[in-house]
């Protein structure tokens, strides 16, 4: 009896371990991951530091600064000329739709630097979503530290100057 109980316990443990190690597949048969799971996507995240981003702006390189923060954070201070798409933290279908509406303005080859609050899950979710919309992964970068980490006063404004990329 003891052997049977031990064998049953081992079998149950094995099944639960194996079930936990399998990749979840969407119920709809291939649709993208839910918004809340996007930050955990298996993506090689690319980053730009504040200094690297400032250097791109100084050199007048073609770059899209996509500020995904809510209106209140954006108006307290943002990078001049940033394209404001208030979709942070991209964790609901409604916020995904806000970002989806911006996709036609993101076509081309210019790098896109995503500014969220802290340069973590909000930006990762945005990048995962944009990749699902067909934006090339090599164009997508996270501003390291996000809006909280942007400490360059000469490149911070409170003027509502959201620019739609050409």
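Here, each number is a calculation from the coordinates, and none is a lab measurement. On a predicted model such as this, the values are computed, not experimentally measured, just so you know. Note that each Cβ is placed from the backbone with ideal geometry, even for glycine, and that neighbours are counted across all protein chains shown.
Can you sort 63, 115, 159 so the residue with the fewest Cβ neighbours within 10 Å comes first?
Lowest to highest Cβ neighbour count: 159, 63, 115.
Listed by Cβ neighbour count within 10 Å, with the fewest neighbours leading, 69, 125, 139 appear as 139, 69, 125.
Shown is the FRET efficiency for residue 110 and residue 72, computed with R0 = 22 Å from the Cβ-Cβ distance and rounded to the nearest 0.05: 0.20.
Once the mean of 1/r is taken over each pair of separate Cα atoms and inverted, region 67-113 shows a Kirkwood hydrodynamic radius of 11.4 Å.
Give me the percent of Cα-Cα pairs in region 41-166 that sit more than 22 Å apart, rounded to a whole number. List each step's numbers first, then the result.
Details: 1897 of 7875 pairs.
Tail fraction, whole percent: 24.
P(r) for region 41-80, from all Cα pairs and a bin width of 10 Å, is 23, 42, 32, 2 %, short bins first. For region 44-166, the relative contact order comes to 35 percent (Cα pairs under 8 Å, sequence separation of at least 6). Across region 101-131, the residues whose backbone nitrogen lies under 13 Å from the label position 7 Å along the beta-carbon direction of residue 62 are 106-112.
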